[in-house]
There are 2 protein chains.
Amino acid sequence: MKYPAEPLTELIIELAKLPGIGEKTASRLAFHILRINRKEALNLARSILNVKDKVGFCSICYNLTEADPCQICRNDRRSDEIICVVEEPDDLMAIEKAGQFKGKYHVLQGILSPLDGKGPGDIRIKELLQRINRGGTKEVLFAINPSVEGEATVTYLTNLIKPKNVKVTRIAYGIPMGGDLKYSDQITLIKSMENRREI
Amino acid sequence: MKYPAEPLTELIIELAKLPGIGEKTASRLAFHILRINRKEALNLARSILNVKDKVGFCSICYNLTEADPCQICRNDRRSDEIICVVEEPDDLMAIEKAGQFKGKYHVLQGILSPLDGKGPGDIRIKELLQRINRGGTKEVLFAINPSVEGEATVTYLTNLIKPKNVKVTRIAYGIPMGGDLKYSDQITLIKSMENRREI
């Protein structure tokens with residue numbers, strides 16, 4: 001579509017590059033930005049650059065952080081003995097929101113996915129093994145999304161970690177709390193049967 | 001939710017102010033912005049400010065424009081005799097996209113809506129009447145969205161324009177092309193019956 005001004009067209013093109021934002025939504029957002037005052041637009045623009053300039057990765061766990069090491073790695077009240085391995089920072093945040101886990105984390109920043117050309121060298125596997133080699137780790141808990149790639153990554157890493165005499169565990173897959181058996185998919189049901197616990 | 005870095009939290013807050021973007025979408029967008037390179041983020045930030053700094057309103061038709069008067073108002077091949085009155089620039093763009101209309105426009109930049117405190121002084125009514133008073137206009141065509149406020153605005157303006165010996169028309173409301181009678185709402189059906197044309 002032809003927009004009445006070049007900067008508007010450019011903004012729509014830039015916004016439409018964001019995930020899940022098509023041209024229609026981008027155009028709605030652009031018209032909204034046209035209507036807000038300059039200060040609000042400046043805040044938005046500045047916060048986009050700030051996040052690029054001020055946020056980096058923790059050199060221990062590879063979570064996002066402003067300070068290095070990150071708050072979690074610096075926290076002495078959290079145990080070094082258990083490392084929870086996640087795929088992305090959002091997964092870590094979801095676990096932190098639940099508020100139960102009191103160990104440390106390791107963010108892989110991806111998952112093994114040969115089809116996308118992602119091999120062991122492309123995610124933070126070397127760094128995880130180095131952490132474990134330094135000693136002190138008693139358990140590695142995988143909190144990886146259940147998918148073919150997730151399973152493969154867990155298997156690959158388990159084979160590398162087990163020989164180091166470290167306990168390797170993973171979160172349970174099963175029927176979600178409040179879920180309904182009859183609406184569950186078959187694979188979840190099978191997993192929940194396999195993972196049955198004695199009561 | 002607590003995010004691992006302050007700039008990330010700020011970006012999510014700013015993004016969540018955009019219409020139709022909740023915290024979850026804002027967080028997904030923010031993580032995307034974290035992943036793209038700095039140049040791409042700069043382009044996005046700059047295009048937000050450009051749209052504020054470089055886009056203004058045409059002093060004749062009040063459409064968005066970089067140059068004043070706008071391209072459409074400057075175009076001699078478009079007739080001055082018919083002015084199509086729309087609510088917002090997006091409406092104008094939709095009509096331009098259809099590519100049939102060869103007159104000029106007037107963007108009201110809103111609609112009469114007493115409940116939202118929008119009276120005749122808050123939209124570009126005075127400017128439309130001044131254009132008509134200058135002479136040369138033979139027809140005013142309302143392309144206003146059919147709603148209670150839209151109808152009221154058209155009625156209000158019709159009463160002001162008709163005494164000036166200018167023809168006043170409005171776009172037809174009816175069943176959309178490719179539409180299906182049995183799925184049409186009652187009001188559209190009633191309108192399409194009222195607006196029937198001899199064939």
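A compact table of results
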{"quantity": "Probe 1.4 Å, protein heavy atoms only - accessible area per residue of the range A:1-152 in square angstrom", "calculated": "50 Å²"}
{"quantity": "Sequence-distant residues sharing a close amide H with B:Tyr105 (under 5 Å, placed H)", "calculated": "B:Cys84"}
{"quantity": "Under 13 Å, Cβ to Cβ, from B:Val166 - net charge with Lys/Arg +1 and Asp/Glu -1", "calculated": "+3"}
{"quantity": "Restricting the range B:1-51 to trypsin sites (Lys or Arg not before Pro) in coil, as DSSP defines it, with at most 12 other Cβ within 10 Å", "calculated": "B:Lys2"}
{"quantity": "For the range B:110-136 and the range A:102-167, distance of Cα centres in Å", "calculated": "65 Å"}
{"quantity": "Antiparallel bridges, percent of DSSP beta bridges restricted to chain A (to nearest 5)", "calculated": "20 percent"}
{"quantity": "Virtual spin-label span in nm between B:Leu181 and B:Lys126, 7 Å along Cα→Cβ", "calculated": "5.0 nm"}
{"quantity": "Helix A:38-54 axis, angle to chain A major axis (alpha carbon atoms, nearest 10°)", "calculated": "30 degrees"}
{"quantity": "Within the protein assembly as shown, percent of DSSP bridges classed antiparallel, to nearest 5", "calculated": "20 percent"}
{"quantity": "Loop chymotrypsin sites (Phe, Trp or Tyr not before Pro), the range B:124-181, which have at most 15 other Cβ atoms in a 10 Å radius of their Cβ (DSSP)", "calculated": "B:Tyr173"}
{"quantity": "Equivalent ellipsoid dimensions for the range A:79-173 as semi-axes, Å, which come from the Cα gyration tensor, largest first", "calculated": "19, 17, 12"}
{"quantity": "Per-copy distances of the B:Lys191 label point, shortest first, in nm (7 angstrom along Cα→Cβ)", "calculated": "5.0"}
{"quantity": "Gyration tensor verdict on the range B:1-43 (Cα atoms; rounded if a/c is under 1.5, prolate if a/b is larger than b/c, oblate otherwise)", "calculated": "oblate"}
{"quantity": "Gaussian network model of chain B, springs between alpha carbon atoms under 10 Å - residue of B:Val85, B:Val166, B:Val148 with greatest fluctuation", "calculated": "B:Val148"}
{"quantity": "Phi to ³J(HN,Hα) by Karplus 6.51 cos²θ - 1.76 cosθ + 1.60 over the range A:12-28, Hz, x for Gly, Pro", "calculated": "5, 4, 5, 5, 5, 6, 5, x, x, 10, x, 5, 5, 5, 4, 5, 5"}
{"quantity": "Compactness of the range B:31-130, expressed as Rg and Dmax over alpha-carbon positions, Å", "calculated": "17.4, 53"}
{"quantity": "Portion, in percent, of the accessible area of the range A:79-173 that falls on carbon or sulfur, probe 1.4 Å", "calculated": "52 percent"}
{"quantity": "The range B:113-155 - Kirkwood radius from inverse mean 1/r over Cα pairs (Å)", "calculated": "11.8 Å"}
{"quantity": "Residue and distance (whole Å) for the chain A Cβ nearest the axis that superposes A on B", "calculated": "A:Ala45, 2"}
{"quantity": "Zero-based 20 Å bins, Cα pair distances in the protein assembly as shown, whole percents", "calculated": "21, 38, 26, 14, 1"}
{"quantity": "Trypsin sites (Lys or Arg not before Pro) within the range B:113-186: DSSP coil, no more than 16 neighbouring Cβ in 10 Å", "calculated": "B:Arg134, B:Lys138"}
{"quantity": "Calculated FRET value between B:Arg38 and B:Ile199, using beta carbons and R₀ = 51 Å, to 0.05", "calculated": "0.25"}
{"quantity": "Threshold 50 Å² - residues in the range A:37-53 whose accessible area is reduced by that much or more when the chain is no longer isolated, probe 1.4 Å", "calculated": "A:Arg38, A:Leu44, A:Ser47, A:Ile48, A:Leu49, A:Val51, A:Lys52"}
{"quantity": "Per-residue HN-Hα couplings for the range A:57-74 [Karplus 6.51, -1.76, 1.60; θ = phi - 60°; Hz; x = Gly/Pro]", "calculated": "10, 5, 6, 9, 9, 6, 7, 5, 6, 8, 9, 10, x, 6, 3, 5, 5, 7"}
{"quantity": "Shortest-first distances to equivalent copies, position B:Gly110, nm, label 7 Å out along Cβ", "calculated": "5.2"}
{"quantity": "Amide H partners (placed H, <5 Å) of B:Arg170, local residues excluded", "calculated": "B:Phe142"}
{"quantity": "Inter-label distance for B:Thr188 and B:Gln71, nm, one decimal - labels placed 7 Å from Cα along Cα-to-Cβ", "calculated": "3.1 nm"}
{"quantity": "Interface burial for B against A (accessible surface, 1.4 Å probe, total of both chains, Å², rounded to 100)", "calculated": "4700 Å²"}
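The values are calculated or read from the model by the stated rules, or taken from the named source; none is laboratory data. Here the structure is a predicted model, which is why all the values come from computation and not from measurement. Positions of Cβ are backbone-derived with ideal geometry, glycine not excepted, and every protein chain shown enters the neighbour counts. Heads up: the accessible areas ignore ligands, DNA and RNA and are worked out on the full protein's heavy atoms, side chains in. Shrake-Rupley method; radii C 1.70, N 1.55, O 1.52, S 1.80 Å.
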